[in-house]
Amino acid sequence: MAGAIHHRGPDDEGFWVDQAIGLGHRRLSIIDLSGSHQPMQGVDGRWTIVFNGEILNYRELRAALDYPFRTDGDTETILAGLTVHGISFIEKMVGQFAFAAYDSATGTTHLVRDRLGILPLYYRQTADSFLFGSEIKAILAGMEQKPDVDVESLDAYLFGRSVPAPYTLFAGIRKLPAAHLAELRADGRFVTHRYWSPPTEEARTWSAGDAVDAVDEAVTRAVRSALVADVPVGAYLSGGVDSSLIVQKAAALHSGGRLKTFAAGFGDPRYDELPFARQVSKHVGSDHHEVHVDARDFEALWPTLTWHRDAPMSQPADFAVYRLAQAAREHVTVVLSGEGGDELFAGYPKYEAANAMALASIIPGGLRRGLAGAVDGVLPSKLSRARIGLRVWGAGDRDAQFRTWFAPFTERERSQLLNGVATRSTSLADASDGKDPIRAMLLADLRNWLPDNLLERGDRMSMATSLELRPPLLDHRLVELAFRLPSDVKVRSGQTKWVLKEVARRNLPPEIVDRKKVGFRVPLDAWFRSSLRDSVRDRLTGSGSFVAETMDRKAVRELLDRHDSGRFNEEASIWTLMSLEVWHETFFSG
């Protein structure tokens, strides 16, 4: 099992066995390089731990603990905290972490995942065994036979390109949700509970200036904390607001020479952000590096990266993140990234439309679905934005609307594809989210889109190259501030992510702050009609195809034909099916 995740920890390995429990660990050395071997046992022998991640405030925590430390790292800091305070010590920890801690006094094994779900933790329980690991492939290595596909999760996958926790596409294998603590007790009972939630909005009145000052201070503190390491640290730099702000702060706080930055491009001038990344690099004085991604990377890397992901590749940008990680690993062991800015401060266009969409949804759901379905099928590709808005408006309830913004398939399309396949209902919206549509949407993204998609992608693509990824904007103290702030400092005068952009405006050129959001954009629409066309059609409709044999083959062919016509752009739908097929080939056919 440990060998299956060698890439997550190429520097050391260790094992500990005591009667019915065994713990294994692979280590990527970041802090206390020559010490802190794992599994690690406390001085009194009660607690034993295997830990993945970084506790960024471990020095402050160590100073407050009366404990005979034997190492200089953060792993023993957790052990000391457990010894002195018990499992509630996790509430004092700042950082990203997933760990298992065995308490010999009670026979309980505690599994803990960090508040935002930056690091992964999977498990499988049967009548006589319990397996857990940082990646699903570790659990597969400990099983006597392969599991089946969890077909009931297919609908959720087609809805959001990932499966919301606690489920996965592997039958019987679960992922511990973010901000959750689980206990496997001596009698075999397994219980979980949430130990952290974002705070409610503060009743105080925030002035615009106070909000900007508070966010500026919190971002600076988060970046300073994220730089804690005994190895070289660099940063990704897309040229967008989030990564540029992180780089500016890191360059100012960084010690040990010029900060190394890394950017990726696709060779398409319509979507190329490399000039903006170069501008920011020049502005802050970083040592800048670039990589280029093309169609050949996709065909060559798709199976390999799917194996690392343990799931279908959710977005084309996954490939670029991997190539970035490869480039960064040649120079650094830790890299900072900008994930979280959009989900905390309302950066996507959908947040700007949230209030209007809520008002327009007063019309009964059945009528909306009928009207939207009639128009959706005839909208050409040049009206793709209008098509997304129409699909959202036509979704049945608030939960469906939140998920439809990023959904490759509507409810009707999923029903056609999964004709007769059992489904499992899932919900991301919470009735307690209140009447603020922007806040409700942010909370839904924090529960699913961020941990099950963006952070899962970031972790796997970086760890595939043995690189640690740290997103400073997801420091839970900054997250708590963001959710205490009112929505009117996030979406203001028609501008999304207003308060964070005002912080960036203090530190970056205006042309970086005010430019139109692009993001990673890959010309898949053209590739699926040219270099990848034959491969896609054969794998999605041919004999032996999982997609063709599980879903409605006629519906799949009609989808491909629509895209081939050139009048419609179905790249997101085709990508979703192809990623599923490659995943099945990788784990079940090979």
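Taken together, the values in this text are just the output of simple stated rules run on the coordinates, not laboratory data. The shown structure was predicted, so the numbers you read here are calculated from the model rather than taken from an experiment. Glycine gets a Cβ as well: all are built from the backbone with ideal geometry, and neighbour counts include every protein chain shown.
General observations
- Projection of the Cα convex hull of region 1-119, averaged over all directions and equal to a quarter of that hull's surface, yields 7.1 nm².
- Gyration tensor verdict on region 115-168 (Cα atoms; rounded if a/c is under 1.5, prolate if a/b is larger than b/c, oblate otherwise): oblate
- Modelled spin labels at residue 33 and residue 126, positioned 7 Å past Cα toward Cβ, are 4.3 nm from each other.
- At R0 = 56 Å, FRET efficiency that the Cβ-Cβ distance of residue 195 and residue 564 yields, to 0.05: 0.65
- Span-like helix ranges in the chain, DSSP H, alpha carbon extent 20 angstrom or more, Kyte mean at least -1.0: 208-226
- Contact order relative to length of region 3-194, as percent, for alpha carbon pairs under 8 angstrom and 6 or more apart: 16 percent
- Gyration tensor verdict on region 388-482 (Cα atoms; rounded if a/c is under 1.5, prolate if a/b is larger than b/c, oblate otherwise): oblate
- Across the chain, the relative contact order, built from alpha-carbon pairs under 8 Å that are at least six residues apart, equals 16 percent.
- Pairs of Lys residues in region 200-520 are counted when their Cα atoms are under 18 angstrom apart and they lie 8 or more places apart or on different chains; the count is 18.
- Calculated diffusion of the chain, Stokes-Einstein form, Kirkwood radius summed over Cα pairs, 37 °C and 0.692 mPa s, µm²/s: 132 µm²/s
- Put a dot 7 Å past the Cα of residue 20, heading toward its Cβ, do the same for residue 526, and the two dots end up 6.1 nm apart.
- Distance cut-off 24 Å, percentage of C-alpha pairs in region 460-590 lying past it: 57 percent
- Cβ-based exposure ranking for 575, 527, in which fewest neighbours within 10 Å come first: 527, 575
- Under 14 Å, Cβ to Cβ, from residue 509 - net charge with Lys/Arg +1 and Asp/Glu -1: +4
- The residues 302, 196, 583, when put in order of fewest to most other Cβ atoms within 10 Å, stand as 196, 302, 583.
- For region 162-250: relative contact order, % (alpha-carbon pairs under 8 angstrom, 6 or more apart): 13 percent
- Prolate/oblate/rounded label for region 200-520 (Cα gyration tensor, a/c 1.5): oblate
- Cβ crowding within 10 Å, taken as a proxy for footprinting-reagent exposure, orders 329, 533, 414, 506 from fewest neighbours to most as 506, 533, 329, 414.
- Here, region 69-125 has an Rg and a Dmax of 11.9, 35 Å when only alpha carbons are counted.
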